[in-house]
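Nothing in this text is a laboratory measurement; each read-out follows from the coordinates by a stated rule. None of the values given here were measured: they were computed from a predicted structure. No Cβ is skipped: glycine too gets one built from the backbone with ideal geometry, and neighbour counts run over all protein chains shown.
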Amino acid sequence: MCECVFCHKERIITDFVYEDESVMAFIDMDPINEGHILLVPKQHYLDVDEIPDDLLAHLMIVSKKIVTALKKIYNPNGYSIMQNGGEFNDIGHYHLHIFPRYNGDGFGWTYSSEKNAVNSKTAERIKLELQLLS
């Protein structure tokens, strides 16, 4: 039996904003900005590449509705949708962060001081792998 907190709705102690037969959305316990939502599939998955295409499409459709609601309620300068995978998924259950963004809100990407090269070899390796997956 799965011990993941997101697999047990009764363990989620924040307010729900959306639910249907396959996904649920609720307020993040540590919000970046007011209105920060987590959208999760009810079935346990760790990474995006494990999720069936129809469920993944449904997650995107629901995320679009959430963004529309957040824009109407908060009138933000923008929004972010992000997901961390593998070891960077701190819950161990696939979840999308969806939150309104504002100029000067302090949220941003951080980079290593080490410069990474961008080149055609990188693009070619990824392109070939994607062709194999098609």
Once you place label points 7 Å from the Cα toward the Cβ at Asp15 and Ser134, how far apart are they in nm? 4.7 nm
Using only the alpha-carbon atoms of the range 1-57 as identical scatterers, what base-10 log of I(q)/I(0) does the Debye formula give at q = 0.19, 0.22, 0.26, 0.28 Å⁻¹? -0.74, -0.95, -1.18, -1.25
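If you take all C-alpha pairs in the chain, what percent of them are over 23 Å apart?
44 percent
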Rounded to whole Å, give me the distance from the Cα center of the range 1-65 to that of the range 113-128. 32 Å
